[in-house]
Structures are given as structure tokens and as C-alpha cells.
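**Q** My structure is below; once you've seen it, I'll send some questions.
The values are calculated or read from the model by the stated rules, or taken from the named source; none is laboratory data. Everything numeric here is computed off the predicted structure, so don't read it as measured data. Reconstructed Cβ throughout: ideal geometry from the backbone, glycine too, with neighbour counts over all protein chains shown.
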Amino acid sequence: MLSLRKAGEGCRLHPFTLAATALALGGCATVAPRASFPQVSSLAAERGVASDVVWRGEPSDDAAADASSDDLLARPLDADAAVQVALLRNPTLQASYEELGLAQADLVQAGLLHNPVLSAAAMPAVGASASPKYEFDLAQNLFDLLLRPARTRIADAQLEEAKLRVAGSVVALAAEVRGAFVTYAAARRLTRVLEVLERAARASADLARRFHRAGNLSDLDLAREDATALQAQADVLRSRADQVAPHERLARLLAVPAAQTFSIVDELRGLPQHDPPLDELLVRADRQRLELAAARQEEAALQEALATAETWRYLGDVEVGAAASKDSGEGYFVLGPSASLELPIFDQKQAQIARLGSQLRRSRFRSDGVALDVASEVRSAVATLQAQRALAEHQRDRLVPLRREVTALSQQHYDYMQLGAFELLAAKQQEVAAHRDYLDALRDYWIAWAELERAVGGRLPVTAADEHAPSGADGAAAPSAPAHAGPAHHGGH
């Protein structure tokens, strides 16, 4: 670096003028880490996620979030309330908010100028006729000032990218909570259905024992009925155990500690009348999927950084300032301007430009890859949703009504003594089992719906459920032995 430090004569420039200018330009900047948080909330609200989100960390915010979530947890949660609790308490989501603080700090830092450098030199006298000499130099990097607007634009683009990523985390958490809620709600409903089947099997076993005591049922047939009842009881115990993992997954997402309990409403909606079309979903995903928007924003930030590096590649550090010199022997004080210029002989930012070029191309490929992934995820989710709808409609519209009809006809045949009690009980058990299978298909449909909302990047409008959806089997009375069944009325046994 060539440094021009010799003080000129007759100049009256004050040595602290440049320092005061730099202070006026950037010295008063402050960092507000949460300044961008309302925009994140708005982005999430535009995609159907509750806008009542809180960034914890301050005592007042923590108290408000705890009060709101505790109030929600005091009542049975529906899916929307569960999402709201997660937004208030989930620590992983809260950690992602700090990305905004980091990006906001980087933006402020980009707008600040480097501090001026004050240097001093004392040269003692050598020889009898010499006198000590003192030199002072205050310099400010002018190149830093020239790059300030470009640095600010780049940091602002990176802040926008952080907003999109964080808002995407909010939307993704909401979809994950809805999927976990449906899984847990369906597990509870399935347990109740299996409890109905267990009561039916137990009633059939009780009837078998009555017939066995009367001598109208063999030991083999009695053992079969008892085994069926015990198997039904084992199915209930297994289903209760199967509730543990969905419950814990939901509790983990809601950040509910072990010492605190919560309950959910018995909510499992029927099939909507129709599903949104694929073409509309693809357009919606391209427009509102925040991961894709963040990838494109990263590309824009790198493009700005590369353009800046190419523009200023031949200009190195430029320092301007004021230099002062005092000769104690002669008694005079000299003050004048100083300047230093980096000569770009060896380093012309070729490595930096090449690196930014590679980063930009990588970002473009990643952006294209995210776009392909988003479209693929939407298509896959739609295909799964359609398959689950077909299965659920088959159960609801064909198998369940047919099983109900078989039960009704079996009751008629039993009333006319054309069918045994065990056959009637078996028909009722098969009807309840058909309801159980429909419940499984309905659960899988709504899990697929939650996955589709995640793939699209926001909530989807749900049409009203079909009116002819069958009622849940868990609300039906358990099949029981006919009151007038006697030893002679046993059908094929």
C-alpha cells in the first residue's frame, strides 16, 4: 500500500473533521432485532396460519404467551387451538425467530462505516542539533463509504430471505401440528370402536357359555367364542398403547411438559364434497410456498453481491484523512490532508468474483430444484389424497351400508327363527368393523390433507362434508345377545 503521510504546509483542515462526518453517517445506528417480526406474522396469516404469534424472550412476552397457552390448554383443544398453542410455546420455532435478529444485526452492520484510525509517531532527537518530532494521522476508509449503499442492499435482501424462511417454519409447524392432531384424534376414536367390538365379542362369548351349559354348544365352539372375545380385548389394549406415541408427538409439538395435561375434542370431520384441482394447487404452491420464495430471494442477494464485486474490482482500499506534524525544536505545528490508495496489482478480486459466481449458480440450481420438489410434493400429496378419498368413499358408500343392511336382514331372519343368535351377533360385529375401517380411511385422508397443505404452503379451503356420511360406530350401542335367545335358538351351532 502506498501511503502519503507527509504533512503539507499552510492547510487548516481540522484533524477530526472526517471522524465527525463518519459518526454522523453511521455512528448512531441501533439494532432492533424484532423489527421484522410483524412481517413474518403477516406472511403466516396470509397463508391461513393464526397471526397471534409471540416471540418469547422478554419477560412480558413470556408471561403473555404462557397465559394465553394455559388458557387454551385448560379446555379441550381442537385443531386450530392446538396450532395456536404450538405457535406460542414450541421452542424450535422460537429458536428460528432468532434468525431475524441475526439478519437484522447484519443489516445494521452493513450500514455502519469502519471506525477511523488514529495513528501517532514519536521520533526522538538523534544528535546535538536535532530535536524530537511528533506526527499524528487520522484516516477514514473512503472505499468503505462508497460500498455502503451496495452492502445495505445485499444485507436487506438477506433479511428478506430470513423473513421468508422463518415464516415458512411457522406454516410448516402448523401443518405438522394438524397432522399430529388428526393422528391422535383418530387413535382415540379407533379405541372406542374397538371397545364396541370387544363388548360385542364378550356378549357373544357370554351367550355361548349359556348354550354350552344347556348342552347345545360344543367345547370347540365355546373355545372359539372365548378366543374371539380375548382377541377383541387384546385389540383394545393394543389400541390404547398405540395412543401413547401420537399423544407424545402432539405434546412435543405443543411443548407441553409431562407435569401438565391436555385433552382434545372428539373431532374427525367427514369427507369434504370435493378436493381442490391439481392445476390450482400447483399455481398456489408456486405463489405461496415460502421455501421457494426464500431460495429465489437468496439468488437475488447473490446477484447483487456479484454485481457489486465486479463493479469495484479494480478499486482497492482508499483512505483519506488528516495528518499533523510538530517539531519541538523549531516550535511550529503543521496540519494537512493525507491519503492512501491500494494498488490492485496482484489481487483484483478475481477469487471473490469466482466464488460469488459459483455461489450464484449453485443458488440458481437449488432454486430450480426446490421448484421441482415443490411441484412433485404437491402432485404426490394430491395422488395420496385422491387414493385415500376413493378408499374412504368405498367404505362409506358401499361397504358400511351393505354391512348395515346385512345386520338388518339378519335381525329379521333371527326374529323369524331362521338365523341363530351367533350369526346375528357376528353380523353386528362385522358392521362395527366396517365402521372401524372407514375411520382408518378417514384418518388417513385428513393426514394426507395436512401433508397437502404443507406441500402447498398454507391452509386450503374445505368444502362442507357430505350429508350422507355414516355416523361414527363409537356412538352406537354395543351388540348384545338377543333377550329371548334360548338354547333351541342357535342356528347353525
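To keep it simple, each residue is scored yes or no on (1) part of a strand (DSSP E or B); (2) without any contact (Cβ under 8 Å) to a residue 60 or more places away in the chain; (3) among the β-branched types (Val, Ile, Thr).
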residue	(1), (2), (3)
267	no, no, no
280	no, yes, no
347	no, yes, no
354	no, yes, no
375	no, no, no
382	no, no, yes
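So that you can scan it fast, the table gives a plain yes or no per residue for (1) surrounded by 19 or more Cβ atoms within 10 Å (Cβ to Cβ); (2) touching a residue at least 60 places away in the same chain (Cβ under 8 Å):
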| site | (1), (2) |
| --- | --- |
| 70 | no, no |
| 73 | yes, yes |
| 84 | yes, no |
| 95 | no, no |
| 100 | yes, yes |
| 112 | no, yes |
| 140 | yes, yes |
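**Q** Additional query: Could you pull out every one of the helices (runs of 4 or more DSSP H) wholly within region 8-99 that has 2 or more residues that are within 16 Å of the chain's Cα centre (by Cα) and modelled with pLDDT of 90 or more?
**A** 79-89
**Q** Could you list, in sequence order, the residues of region 252-276 that are closer than 24 Å to residue 462 by Cα and of a type in the set (Gly, Ala, Ser)?
**A** Selection gives 270 alone.
**Q** On to the next question. If a residue must be more than 30 Å from residue 276 (Cβ to Cβ), of a type in the set (A, V, I, L, M, F, W, C) and out of contact with any Gly (no Cβ under 6 Å at 6 or more places or on another chain), how many such residues does region 376-421 contain?
**A** 6
**Q** Looking at (1) surrounded by fewer than 22 Cβ atoms within 10 Å (Cβ to Cβ); (2) over 22 Å from residue 381 (Cα atoms), which is the one condition that is false for residue 435?
**A** (1)
**Q** Please enumerate the residues belonging to region 103-144 that are of a type outside the set (Asp, Glu), in a helix (DSSP H, G or I) and at pLDDT 80 or above.
**A** Scanning region 103-144 gives 103, 104, 105, 107, 108, 109, 110, 111.
**Q** Ok, one more. Here is a list of conditions, (1) outside any helix (DSSP H, G or I); (2) out of contact with any strand residue (DSSP E or B) (no Cβ under 8 Å at 6 or more places or on another chain), and residue 316 meets all of them except one; can you say which number that is?
**A** It is condition (2) that residue 316 fails.
**Q** Considering only residues that are surrounded by fewer than 17 Cβ atoms within 10 Å (Cβ to Cβ) and hydroxyl-bearing (Ser, Thr, Tyr), which ones fall in region 370-404?
**A** Hits for region 370-404 are 376, 380.
**Q** Return the residue satisfying two criteria in turn: it lies in region 406-415 and is free of Cβ contacts under 8 Å to residues at least 24 places away in the same chain and touching an Asp or Glu at 6+ places or on another chain (Cβ under 9 Å), and of such residues it is surrounded by the fewest Cβ atoms within 10 Å (Cβ to Cβ). Walk me through it before giving the result.
**A** Just the residues of region 406-415 that are free of Cβ contacts under 8 Å to residues at least 24 places away in the same chain, to begin with: 408-413, 415.
Cutting the leftovers down to touching an Asp or Glu at 6+ places or on another chain (Cβ under 9 Å) gives us 410, 413.
On the way: 410: 21, 413: 16.
Once the filter is applied, the top-ranked residue is 413.
**Q** Take residue 266 and tell me if it is surrounded by fewer than 18 Cβ atoms within 10 Å (Cβ to Cβ), at pLDDT 90 or above and of a type in the set (D, E, K, R). Write out each step before concluding.
**A** Values: surrounded by fewer than 18 Cβ atoms within 10 Å (Cβ to Cβ): yes; at pLDDT 90 or above: no; of a type in the set (D, E, K, R): yes.
No.
**Q** If you go through region 224-263, how many residues are small (Gly, Ala, Ser), without any contact (Cβ under 8 Å) to a residue 60 or more places away in the chain and closer than 14 Å to residue 186 by Cα? It would help to see each step written out before you state the result.
**A** Going through region 224-263, the residues small (Gly, Ala, Ser) turn out to be 227, 229, 232, 234, 239, 241, 245, 251, 255, 258-259, 263.
Okay, now just the ones that are also without any contact (Cβ under 8 Å) to a residue 60 or more places away in the chain, so 227, 229, 232, 234, 239, 241, 245, 251, 258-259.
Applying the additional criterion that residues be closer than 14 Å to residue 186 by Cα yields 239, 241, 245.
The qualifying residues number 3.
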